[in-house]
Amino acid sequence: MPRRDVVVDKRVWERMKKNLLVGAKKSAQVGWFSGSHHSSAEVPMAQLASWLEFGHRNGGMYDGTITPPRPFMRAGFIVYMKNNPKFASLVHTNIISVMTGKKTWSKMYSDIAPEMAKALKMVMESWDDPRNGPITISLKGFDNPLIESEELVNSIQWRVRNRGTK
């Protein structure tokens, strides 16, 4: 026989469920967005990052040469974020704040995304495989495969958007 003196209060659960449903509509984005172009060429920063990530055949004065893939996003950034206990703790703390109604999803993403941008920059600055060739090292004056002028790495941005929004 059910106890009559027990009252079930579903308000906390309903608020948590509502917060979780709202969060499914949001996302944090880190990278290079529309309108961001390299100063020495009319090439979007996102295109340059893609060429570095997947490799490409060069043109112009380097015609016929190949820039090898350097998967700093797939094998660097994403792996780094998955294996970083400090980032996992940040996400965990923020998720609990969202679930208990102390923080919105937008605020959570706004707190986490700058840390993701810092991590991407760190991964790019430390990436070294495959190394630059001797001629490239001579032209650049140093051997860092993803850095030439630091313009690309310094133009990393973050934003919080509704999913499906460009």
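Yes/no matrix, rows are residues, columns are (1) farther than 30 Å from Val12 by Cβ; (2) modelled with pLDDT of 90 or more:
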| site | (1), (2) |
| --- | --- |
| Pro69 | yes, yes |
| Arg74 | yes, yes |
| Lys82 | yes, no |
| Met99 | no, no |
| Lys103 | no, no |
| Ser110 | no, yes |
| Lys118 | yes, yes |
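Hey, can you tell me all the residues within the stretch 13-30 that are outside any loop (DSSP other than H, G, I, E, B) and either in contact with a strand residue (DSSP E or B) (Cβ under 7 Å, 6 or more places away or on another chain) or without any contact (Cβ under 8 Å) to a residue 24 or more places away in the chain (or both)? Trp13, Glu14, Lys17, Lys18, Leu21, Lys26, Ser27, Ala28, Gln29, Val30, listed by residue number.
What is the residue count in the stretch 141-162 for residues that are part of a strand (DSSP E or B) and over 13 Å from the mean Cα position of the chain (by Cα)?
As a first pass, look at the stretch 141-162 and keep what is part of a strand (DSSP E or B): 157-162.
If we keep only those that are over 13 Å from the mean Cα position of the chain (by Cα) as well, we get 161-162.
Matching residues across the stretch 141-162 total 2.
Under 12 Å from the mean Cα position of the chain (by Cα) and of a type in the set (Phe, Trp, Tyr) - does that describe any residue in the stretch 117-138? No, the stretch 117-138 contains no residue that is under 12 Å from the mean Cα position of the chain (by Cα) and of a type in the set (Phe, Trp, Tyr). Give me the pairs, please: first residue somewhere in the stretch 99-126 and farther than 24 Å from Glu151 by Cα, second residue anywhere and β-branched (Val, Ile, Thr) and in a helix (DSSP H, G or I), beta-carbon distance under 6 Å, and either six or more positions apart or on two chains. Final answer for the pair search is Trp105/Val22; Trp105/Val98; Met108/Val98. With respect to (1) β-branched (Val, Ile, Thr); (2) in contact (Cβ under 8 Å) with a residue 24 or more places away in the chain; (3) exposed (fewer than 14 other Cβ atoms within 10 Å of the Cβ), the lone exception for Val153 is condition (3).
Let me confirm something: among Ile78, Ile95, which residue is farther than 18 Å from Glu151 by Cα, β-branched (Val, Ile, Thr), part of a helix (DSSP H, G or I) and out of contact with any helix residue (DSSP H, G or I) (no Cβ under 9 Å at 6 or more places or on another chain)? Quick ask: steps written out before the conclusion?
Numbers: Ile95 fails: out of contact with any helix residue (DSSP H, G or I) (no Cβ under 9 Å at 6 or more places or on another chain).
That would be Ile78, the only listed residue that is farther than 18 Å from Glu151 by Cα, β-branched (Val, Ile, Thr), part of a helix (DSSP H, G or I) and out of contact with any helix residue (DSSP H, G or I) (no Cβ under 9 Å at 6 or more places or on another chain).
Just to be sure I understand, how many residues within the stretch 1-60 are farther than 23 Å from Arg74 by Cα and of a type in the set (Gly, Ala, Ser)?
Going through the stretch 1-60, the residues farther than 23 Å from Arg74 by Cα turn out to be 1-25, 35, 39-42, 59-60.
Those left that are additionally of a type in the set (Gly, Ala, Ser): 23-24, 35, 39-41, 59-60.
Residues flagged as farther than 23 Å from Arg74 by Cα and of a type in the set (Gly, Ala, Ser) within the stretch 1-60 amount to 8.
Mind listing just one residue for me: the one in the stretch 98-124 that is of a type in the set (S, T, N, Q) and not in a helix (DSSP H, G or I) and, of those, surrounded by the most Cβ atoms within 10 Å (Cβ to Cβ)? Ranking the candidates gives Thr104 first.
The values are calculated or read from the model by the stated rules, or taken from the named source; none is laboratory data. From a predicted model like this one, the values you see are computed outputs, not experimental measurements. Positions of Cβ are generated from backbone atoms using ideal geometry, with glycine treated the same way; all protein chains shown enter the neighbour counts.
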